[in-house]
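Visitor: Pasting in a structure now, in C-alpha cells, and then I'll have a few things to ask.
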Amino acid sequence: DTAVSQTPKYLVTQMGNDKSIKCEQNLGHDTMYWYKQDSKKFLKIMFSYNNKELIINETVPNRFSPKSPDKAHLNLHINSLELGDSAVYFCASGGAGEAFFGQGTRLTVV
Amino acid sequence: ELKVEQNPLFLSMQEGKNYTIYCNYSTTSDRLYWYRQDPGKSLESLFVLLSNGAVKQEGRLMASLDTKARLSTLHITAAVHDLSATYFCAVASGGYQKVTFGTGTKLQVIP
C-alpha cells in the first residue's frame, strides 16, 4: 500500500486555468504538508495542516488554497495558474518523527 | 527565520573514496533529518537524529548531530555508484510542525 499518494503525477495546463492536486495518507499521521520543489531542486514548505487545521502558511500567494476534509487528506487548489507556478509539488505527512513524501506532481504551466 | 545550509552543493567523487556533507542551521532545534532523492523521484527518509551527539549508520552512510554547533554531517564511506543522488538535510522547528530543508547536495559517484 502506498503510504502517501498524490494525483495526478503529471499536470500540464495553460496559464489562467484552475487546477487541483489531491493527496491522501494512510499512515494515521496528524500533520500533512505541501512542499514546492523548483527547477533548482530547492524544497520550500508551503502549508502545514494538523488535524485539519492550518498551522503554517508560508507567504504563499492566495491563489493557492489548501483544503483538508479530514486528517488523511490534504488537497491543493491553484487558481489562475502562472508560468512561475511550474514546479514539482510534494505532499507529505508526519507525526513526531520524520515526514513521508508522496511521489510528487510535476506541474507545467504553458 | 530558520535557515538551513548544506555544503557542498555538488560533489563528484570516485568510487571507494570517503567524503562528508555538512548541514548547518541557524536556530535551535533538536530534530534533524536526512533524505535522499533520486532524479525524478520522491524523497526517501534516511535518518532521523533526535538529540545532541546522536549518530546513526546505515550501510555506507553515517549521520551525526551536534546541536550546540547547529551542525549535522553525513559521512560517506567507500562510495559506490548506487549512492549517486541528491541528499537533503532538514530541520524541524515550531513544535515540529515546520520542516525546513537545506539546499541539497548532488552527489555523483564515478566508477
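Visitor: Can you compute the charge dipole magnitude of the protein assembly as shown about its Cα centre, using +1 on each Lys and Arg Cβ and -1 on each Asp and Glu Cβ, nothing else charged? Give it in debye, rounded to the nearest 20.
Guide: It comes to approximately 240 debye.
Visitor: Now a separate question. Could you size up the charge dipole of chain A around its Cα centre, putting +1 on the beta carbon of Lys and Arg and -1 on that of Asp and Glu, and report it in debye to the nearest 20?
Guide: Working: 12 positive and 11 negative charges, 56 e Å.
About 260 debye.
Visitor: Something else: How far apart, in nm, are two points set 7 Å out from the Cα along the Cα-to-Cβ line at B:S45 and at A:K44?
Guide: 2.6
Visitor: Also, quick follow-up: Using the Cα centre of the protein assembly as shown as origin and beta-carbon charges of +1 (Lys, Arg) and -1 (Asp, Glu), tell me which of B:S84, B:A63, A:F101 is placed farthest towards the positive end of the dipole.
Guide: Farthest towards the positive end: B:S84.
Visitor: Next up: Roughly what % antiparallel, to the nearest 5, for the DSSP beta bridges in the protein assembly as shown?
Guide: Rounded to the nearest five, the antiparallel share is 90 percent.
Visitor: A follow-up question, please. Compute the normalised compactness of the protein assembly as shown: alpha-carbon radius of gyration over 2.2 N^0.38 Å, N being the residue count.
Guide: For the protein assembly as shown, the normalised Cα radius of gyration comes out at 1.02.
Visitor: Rounded to the nearest 20 debye, what is the charge dipole size of chain B about its Cα centre when +1 sits on each Lys and Arg Cβ and -1 on each Asp and Glu Cβ?
Guide: That gives chain B a dipole magnitude of about 140 debye.
Visitor: Below 26 Å, Cα to Cα, which lysines can A:K36 reach? Residues fewer than 8 away in the same chain don't count.
Guide: By straight Cα distance, A:K36 reaches A:K9, A:K19, A:K22, A:K44, A:K52, A:K67, A:K71, B:K3, B:K41, B:K98, B:K106.
Visitor: To continue, here is another question. Using only Cα atoms, locate the centre of the stretch A:55-110 and the centre of the stretch B:41-111, then give the distance between them in Å, rounded to an integer.
Guide: 24
Visitor: Among A:V88, A:V110, A:N75, which residue has its Cα positioned farthest towards the positive end of the charge dipole of chain A, with +1 placed on the Cβ of Lys and Arg, -1 on the Cβ of Asp and Glu, and the dipole taken about the Cα centre?
Guide: A:V110
Visitor: Additional query: Kindly state, as a whole number, the per residue volume in cubic angstrom of the convex hull around the alpha carbon atoms of the stretch A:33-108.
Guide: Hull volume over Cα atoms, normalised by residue count, gives 94 Å³.
Visitor: Within the stretch B:1-84, which GluC sites (Glu not before Pro) sit in a loop by DSSP and count at most 14 neighbouring Cβ atoms inside 10 Å?
Guide: B:E1, B:E15
Laboratory data are not the source of any read-out in this text; all were calculated from the coordinates shown. Everything numeric in this text was worked out from a predicted model, so none of it was measured. Cβ atoms come from the backbone with ideal geometry, glycine included; neighbour counts cover every protein chain shown.
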